[in-house]
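What follows is a single structure, written as structure tokens, with notes after it.
The values are calculated or read from the model by the stated rules, or taken from the named source; none is laboratory data. Note that the coordinates shown come from a computational prediction; the quantities given were computed from them, not determined experimentally. Here Cβ is always computed from backbone atoms with ideal geometry, including for glycine, and neighbour counts include all displayed protein chains.
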Amino acid sequence: MTTSEFQGYFGRPDFHDAVIEDVQQSERQLNVALRAEDGARWCITFPETDVVERNPQGTRIYAVSRMATTRVGSLTYVFVNWNEREDSPLEVTTSQEPIVRAVQ
């Protein structure tokens with residue numbers, strides 16, 4: 001992965017301490033299902049996903065960070081592991097802004 005510069009946190013404040021429940025990829029789109037501490041469920045859709053790394057299901061995340069990359073027009077979104085001694089469970093590089101929606 002060619003991440004280089006922190007651009008900021010992405011998503012809602014309740015993504016902090018959320019658990020990755022599911023990851024589904026079809027063609028170039030990726031859907032990540034999160035369950036927040038309060039039980040709220042969220043789906044982040046990454047259209048035009050280029051790169052996906054690691055297997056994240058069941059991991060508690062600290063936050064979702066947006067990182068600049070060396071690839072022009074792309075950003076990498078890093079699901080930061082709550083356990084600092086372990087790698088980030090998921091890194092997604094995409095050329096389009098992710099879409100966040102509530103899930104019942």
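Scan region 22-49 residue by residue and report those that are in contact with a strand residue (DSSP E or B) (Cβ under 8 Å, 6 or more places away or on another chain) and outside any strand (DSSP E or B). Spell out the reasoning first.
Initially, region 22-49 is screened for residues in contact with a strand residue (DSSP E or B) (Cβ under 8 Å, 6 or more places away or on another chain), giving 22-25, 28-36, 40-49.
Within region 22-49, ARG28, ALA36, ALA40, PRO47, GLU48 qualify.
If you go through region 50-59 one residue at a time, how many are in a strand (DSSP E or B) and either modelled with pLDDT of 90 or more or surrounded by fewer than 16 Cβ atoms within 10 Å (Cβ to Cβ) (or both)? Show your work before the answer.
Taking region 50-59 and keeping what is in a strand (DSSP E or B), we get 50-53.
Imposing the further condition that a residue be either modelled with pLDDT of 90 or more or surrounded by fewer than 16 Cβ atoms within 10 Å (Cβ to Cβ) (or both) reduces the set to 50-51, 53.
Total meeting the criteria: 3.
Looking at GLU48, GLU91, which is the one that is on the phi > 0 side of the Ramachandran plot, of a type outside the set (Val, Ile, Thr) and in contact (Cβ under 8 Å) with a residue 40 or more places away in the chain? Let's see the steps before the verdict.
On the way: GLU91 fails: on the phi > 0 side of the Ramachandran plot.
That would be GLU48, the only listed residue that is on the phi > 0 side of the Ramachandran plot, of a type outside the set (Val, Ile, Thr) and in contact (Cβ under 8 Å) with a residue 40 or more places away in the chain.
Run down GLU21, GLU84 and say which single residue is surrounded by 14 or more Cβ atoms within 10 Å (Cβ to Cβ), farther than 13 Å from PRO98 by Cβ and among the charged types (D, E, K, R). Spell out how you get there, then give the answer.
Values: GLU84 fails: surrounded by 14 or more Cβ atoms within 10 Å (Cβ to Cβ).
GLU21 is the lone residue from the list that is surrounded by 14 or more Cβ atoms within 10 Å (Cβ to Cβ), farther than 13 Å from PRO98 by Cβ and among the charged types (D, E, K, R).
Taking region 24-49, which residues are surrounded by 15 or more Cβ atoms within 10 Å (Cβ to Cβ) and modelled with pLDDT under 90?
THR49
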